[in-house]
Amino acid sequence: MIDIKFIRENPDIVKNNCQSRNVKIEVEELLEADRVYTALLREIEQNRAERNSIAEQIPASNDKATLVERGKSIKNKLAEQEEEFKKISEKRQALLLSIPNLTHPDAPVGRDDNDNLEIRQWGEVRQFPKPLDHVQLGERLGILDFERGAKVAGAKFYFWKGKGALLEQALIRFAMDYLYKNGFTPMSTPDLAKDEILIGTGYQPRGPETQIYSIDNSDLSLIGTAEITLGGYHKDEFLNMDDLPVKYAGISHCYRTEAGAYGRESYGLYRVHQFAKVEMFVLCRPEQSEALHLEILKHEEQILQALEIPYRVVDICTGDLGGPAYRKYDIEAWMWGRNEGRGDWGEVTSASNCTDFQARRLNIKFKSDQGNEFVHTLNGTGLALSRMPIALLENHQQADGSIKIPAALIPYCGFDKID
RNA sequence: GGAGGGGUGACAGAGUGGUCGAAUGUGCCGGACUCGAAAUCCGGUGUAGCCGCAAGGUUACCGCGAGUUCGAAUCUCGCCCCCUCCGCCA
């Protein structure tokens with residue numbers, strides 16, 4: 001959520017920002033709703049003030065009946081006004097929530113993911129005469145079972161089996177350990193959260209377009225990422241300025257409906273309904289967020305490097321940023337199974353600086369010399385247990401179809417190859 | 001799941017229809033005293049919105065929501081959370 005005061009004072013900046021982000025938003029409609037809202041609020045408060053003053057006079061008055069009558073008439077008027085106020089207030093709020101965050105001036109301008117800017121590459125793609133994809137490798141090695149997953153839970157579910165299940169655990173512990181050593185507090189979070197927490201983090205449960213599973217007859221949804229629960233963790237809190245930045249490494253399962261996402265683009269583990277993920281989440285002072293954004297990216301890269309997986313870093317363009325991000329870097333790893341088996345880059349991590357956009361909705365502040373300020377929040381993928389294994393299996397396959405475990409991971413796995 | 005108790009400011013804890021944004025204590029900030037500190041004394045100390053150049057004024061918030069009333073922290077209803085005991089259970 002953007003500060004309404006900022007929108008009032010800088011409508012053109014906000015409009016241009018919406019346009020460059022490729023979001024169609026009625027800023028004027030919001031401003032009009034805000035004007036009506038403010039005017040009505042003023043009237044209501046005047047009436048309340050009068051009501052309060054009459055109520056105060058009654059006990060000592062010798063003409064109680066007249067005052068009670070006046071009180072009643074104000075009460076009735078207020079009831080009407082408050083009903084109207086509720087409507088305009090909801091409209092204003094809905095419009096306000098639909099405005100995307102402001103954008104970093106250096107973010108590349110563009111319409112969609114074709115305009116994202118590659119800023120560097122690391123590692124060398126190992127060539128094979130006939131590379132297998134992770135589904136073929138997984139079935140052949142007996143570590144990944146989509147067929148049984150579909151039988152038990154439907155398409156896009158799977159079982160990790162044998163060394164595959166151990167590999168999954170090893171990757172989780174590897175990432176948690178790495179982040180712990182780098183100052184992150186390990187967190188194991190709920191896999192469900194209340195709708196208000198989802199909304200606070202910038203997600204929209206229960207809409208027609210939603211990617212989120214929600215639980216019938218409750219206000220709970222399955223989370224799509226631990227960003228939601230870690231963001232909600234400090235909702236409505238004041239943080240101690242000297243404690244900032246606060247850095248969390250959360251492990252949770254992630255659930256996504258992925259409606260309509262079938263076909264080659266979402267082959268195998270690339271898009272699934274459930275996966276585990278280690279997520280970084282940081283709360284900090286405004287002046288710290290840009291440096292921390294780069295730090296998060298650095299951790300993501302070092303994890304990829306430790307796992308010896310070639311990747312490239314992409315600076316996400318304005319049109320592809322989504323709502324909350326002020327700036328976003330993705331890392332794409334090489335995946336042999338993509339592009340009809342010819343190989344291509346596939347997203348494995350994403351790091352966003354959301355500035356105060358989420359903090360405003362979640363009401364997370366700290367006390368500074370300037371008064372009370374909203375914190376900045378950032379999030380980044382530590383290690384996603386769906387996509388990282390794709391890259392791991394496909395890049396570390398051997399000529400005989402076995403998988404060589406990278407050295408950094410062997411202590412966590414307890415084995416050095418899968419065959 | 002059953003029975004009972006409870007949710008008030010940073011914390012503890014009063015307050016059962018009006019003068020309560022809320023006693024008192026602790027903590028915290030400023031000041032006095034002191035060579036300095038402790039103790040003591042004095043003053044201050046919630047959040048958000050609106051009006052205002054400012055001083056200041058005003059509205060809302062006592063778990064959340066709805067209701068009764070001229071007036072609600074206080075009464076009624078629903079919900080959430082916490083504690084104790086019983087049952088059940090990974």
Legend entry - Cα-based shape type of the stretch A:128-212, given that a ≥ b ≥ c are square roots of the gyration tensor eigenvalues and the cut on a/c is 1.5: oblate
Legend entry - 14 Å reach of a label modelled at A:Glu80, 7 Å along Cα-to-Cβ, counting backbone N of the stretch A:23-65: A:44
Inset, instruction - Using only the Cα atoms of the stretch A:200-289, build the gyration tensor, take square roots of its eigenvalues as a ≥ b ≥ c, and label the shape rounded, prolate or oblate: rounded if a/c is under 1.5, else prolate if a/b is larger than b/c, else oblate. - result: prolate
Inset, instruction - Choose one of A:Gly323, A:Gly401, A:Ser368: the residue whose Cα lies farthest towards the positive end of the charge dipole of the stretch A:281-419 (beta-carbon charges +1 Lys, Arg; -1 Asp, Glu; about the Cα centre). - result: A:Ser368
Inset, instruction - Any of A:Lys194/A:Lys365; A:Lys91/A:Lys235; A:Lys5/A:Lys75; A:Lys156/A:Lys404 with alpha carbons more than 29 Å apart? Name them for me. - result: A:Lys5/A:Lys75
Inset, instruction - Compute the distance in nm between two label points, each set 7 Å from the Cα along the Cα-to-Cβ direction, one at A:Glu56 and one at A:Lys417. - result: 8.6 nm
Legend entry - Kirkwood hydrodynamic radius of chain A, Cα pairs, Å: 24.0 Å
Legend entry - Sequence-separation-based contact order of chain A, relative, with Cα cut under 8 Å and 6+ spacing, percent: 20 percent
Legend entry - Net charge of neighbours whose Cβ lies under 10 Å from the Cβ of A:Leu385, counting Lys and Arg as +1 and Asp and Glu as -1: +1
Inset, instruction - Report Rg (one decimal) and Dmax (nearest whole number) for the stretch A:135-275, counting Cα atoms only, units Å. - result: 17.4, 53
Inset, instruction - Work out, step by step, the length gained on full extension between A:Gln46 and A:Lys404: first 0.36 nm times the residue separation, then minus their alpha carbon distance; give nm to one decimal. - result: 121.5 nm
Inset, instruction - Between A:Lys161 and A:Arg285, take the C-beta separation as r, use R0 = 51 Å, and let me know the FRET efficiency to the nearest 0.05. - result: 0.65
Legend entry - Helical segments meeting 24 Å axial Cα length and Kyte-Doolittle -1.0 threshold in chain A (DSSP H): A:27-57, A:64-98, A:163-181, A:289-306
Inset, instruction - Determine the calculated [θ] at 222 nm for chain A from helices alone, applying -39500 (n - 2.57) to every DSSP H run no shorter than 4 residues and normalising by the residue count; nearest 500 deg cm²/dmol. - result: -12500 deg cm²/dmol
Legend entry - Rounded FRET efficiency, nearest 0.05, which uses the C-beta distance separating A:Gln127 from A:Gln211 and R0 of 41 Å: 0.70
Inset, instruction - Using label points projected 7 Å from each Cα along Cα→Cβ, tell me how many nm separate A:Glu308 and A:Asn339, to one decimal. - result: 2.3 nm
Inset, instruction - For A:Arg338, enumerate residues with amide H under 5 Å from its amide H, sequence gap 5+ or separate chain, H modeled in the peptide plane. - result: A:Gly343, A:Asp344
Legend entry - Student exercise, the stretch A:178-330 dipole from Lys, Arg, Asp, Glu Cβ charges, in Debye to nearest 20: 320 debye
Legend entry - Whole-angstrom gap from the stretch A:258-298 to the stretch A:1-25, using each part's C-alpha centre: 26 Å
Inset, instruction - Please state the charge dipole magnitude for chain A, taken about the Cα centre, from unit charges on C-beta atoms (+1 on K and R, -1 on D and E), reported in debye and rounded to the nearest 20. - result: 660 debye
Inset, instruction - Report relative contact order for the stretch A:174-240 in percent, whole number only (criteria: Cα-Cα under 8 Å, sequence separation at least 6). - result: 30 percent
Inset, instruction - Kindly rank A:268-280, A:122-134 from highest to lowest mean number of other beta carbons found within 10 Å of each residue. - result: A:268-280, A:122-134
Inset, instruction - Would you mind getting me the FRET efficiency between A:Val23 and A:Asp106? Use the beta-carbon distance for r and R0 = 25 Å, nearest 0.05. - result: 0.80
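Quick note: the coordinates plus some simple rules give every number you see, no bench work behind them. Note that this is a predicted model, so its numbers are computed, not measured. Every residue, glycine as well, gets a Cβ built from its backbone with ideal geometry; the counts of neighbours run over all protein chains shown.
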